[in-house]
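First up is the structure itself, then whatever we jot down about it.
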Amino acid sequence: MNFNEIESAFGFVSMDQPYMHRAYLSKTTGKTFYQSEMSDFDELPEDIYENDDYIEIPHKNDLGLGQRLIWHFVEKEIPGLADKVRSFFSRKGAYSKYKAFLEEIGLLDKWYEFEDLRTKEALLQWCKDNGIKIDN
């Protein structure tokens, strides 16, 4: 399987609330099927829900890459500022406030590197756990 395609499908699934966008991968062909609550993207195979060949691409929250990842970063990089970060998450727009704060203190690029690395690791582990062989 092509890892870039799996990453793209993961990005699609994770761009909104869980279950708003879905993607399914055929473990045999590597073809990915996309669906959204907002509009249909692909026509799904009739047996997609009964056939073990198809697997649903997880949402970032399913892999611990939502707020849990933010707290890992805060604990590692700025533990003394955890209360300030926590205050962002008591209101709407928390993620954008969090990123603006990281930019202000010069850690936004480090956050993106951390997030990218952890996402790749989690997706590769998910592939391994589900018997999906990645092309090198």
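Return yes or no: is Leu123 at pLDDT 95 or above and surrounded by fewer than 12 Cβ atoms within 10 Å (Cβ to Cβ)?
Numbers: at pLDDT 95 or above: yes; surrounded by fewer than 12 Cβ atoms within 10 Å (Cβ to Cβ): no.
In short, no.
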From the list Glu43, Glu113, Glu104, Glu75, pick out the single residue that is at pLDDT below 95, acidic (Asp, Glu) and loosely packed, with under 12 Cβ neighbours inside 10 Å.
-> Glu43
Could we say that Asp53 is over 19 Å from the mean Cα position of the chain (by Cα) and either within 22 Å of Lys120 (Cβ to Cβ) or not assigned by TED's automatic domain parsing to the domain that holds Trp126 (or both) here?
-> yes
Among the candidates Gly64, Gly11, which residue alone is within 10 Å of the chain's Cα centre (by Cα) and loosely packed, with under 14 Cβ neighbours inside 10 Å?
-> Gly64
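The values are calculated or read from the model by the stated rules, or taken from the named source; none is laboratory data. What you are looking at is a predicted structure, and each value in this text was computed from that prediction instead of being measured. Backbone-built Cβ (ideal geometry, glycine too); neighbour counts: all protein chains shown.
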